[in-house]
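What follows is a set of notes on a single structure, which appears directly below.
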Amino acid sequence: MRTLKKFFIALTGLAGLVSAQSPGAEASATIAGKPITIKYSSPSVRGRQIFGDGGVVSKDSTYPVWRAGANAATTLQSGVNLEIAGLNVPAGAYTLYVLVKDPANWKLIVNKQTGQNGDSYDASMDLGRVDIEMERPSAPIEKLKYTLTASGNTGKLQLEWENHIASVTIRAK
């Protein structure tokens, strides 16, 4: 019994350590008076290669589709109908993925399935895919970060990590 108790204590500690390496994070904004929120887990580079052949993301079971974060899949919740880089996205909840095979030409995937873990991806549930504008940061970015910015009816969804800054325009419809 005592050994079992030690095992569960160790397991709880390990779970806490894994979670701490990729803590939960959130980006939010208001567009056309309505909230938009992205919830994700924010991993760190920690000296590793992240993208490209042999990188951490290439070892995911869904590669070349990436969960756009760590742990559970990244979620988008919008209180308003959106147009994301030309894709019509009705108000509601979605999962975001990124097609990262070509490091210079990513695609944002808006998927209608929600609540799945990060190791699940069902392409038949895609609402659509859009091209992402790519930039290189002036210095490597240690922690994955999403930013939502909005002014009136327009804005931008941006993610930054490692040697990539990826963004798409958003507009309330």
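The values are calculated or read from the model by the stated rules, or taken from the named source; none is laboratory data. Quick caveat: nothing in here was measured; it's all calculated off a predicted structure. All Cβ positions, even for glycine, are placed from backbone atoms using ideal geometry, and neighbour counts span all protein chains on display. Surface areas here come from the heavy atoms of the whole protein model, side chains and all, with no ligands, DNA or RNA. Shrake-Rupley method; radii C 1.70, N 1.55, O 1.52, S 1.80 Å.
Counting only the Cα atoms, the chain fills a convex hull of 128 Å³ per residue. Averaged over its residues, the range 21-128 has an accessible area of 42 Å² per residue, based on protein heavy atoms and a 1.4 Å probe. Shown in residue order for the range 45-57 are the 3J(HN,Hα) couplings computed by the Karplus curve 6.51 cos²θ - 1.76 cosθ + 1.60 at θ = phi - 60°: 5, 6, x, 8, 7, 9, 10, x, 4, x, x, 3, 5 Hz (x for Gly and Pro). Computed on protein heavy atoms with a 1.4 Å probe, the accessible areas place SER78, SER151 in the order SER151, SER78, largest first. For the chain, the fraction of 1.4 Å probe accessible surface lying on carbon and sulfur atoms is 54 percent.
Over all other residues within a Cβ to Cβ distance under 9 Å of THR169, the charged ones net out to 0, with Lys and Arg as +1 and Asp and Glu as -1. Lysine pair count for the chain (Cα-Cα distance under 18 Å; residues 8 or more apart in sequence or on different chains): 11. Solvent-accessible surface of protein heavy atoms, probed at 1.4 angstrom with all chains present, puts ARG67, ARG171 in the order ARG171, ARG67, largest first. Per-residue accessible area (protein heavy atoms, 1.4 Å probe) orders ASP53, ASP126, ASP131 as ASP53, ASP131, ASP126, starting from the largest. Measuring between their Cα centroids, the range 110-173 and the range 66-86 lie 7 Å from each other. Summing charges over all other residues whose Cβ lies under 10 Å from the Cβ of GLU83, with Lys and Arg as +1 and Asp and Glu as -1, gives +2. Computed with the Debye formula from one identical point scatterer per Cα of the range 40-108, without solvent, the log10 of I(q)/I(0) at q = 0.17 Å⁻¹ comes to -0.70. Accessible surface of THR62, taken over heavy atoms with a 1.4 Å probe and every protein chain present, rounds to 20 Å².
Each Cα pair under 8 Å and six or more residues apart adds its sequence gap; the mean of these over the residue count of the chain is a relative contact order of 20 percent. Using the Cβ-Cβ distance between ALA91 and SER58 with R0 set to 30 Å, the FRET efficiency works out to roughly 0.30.
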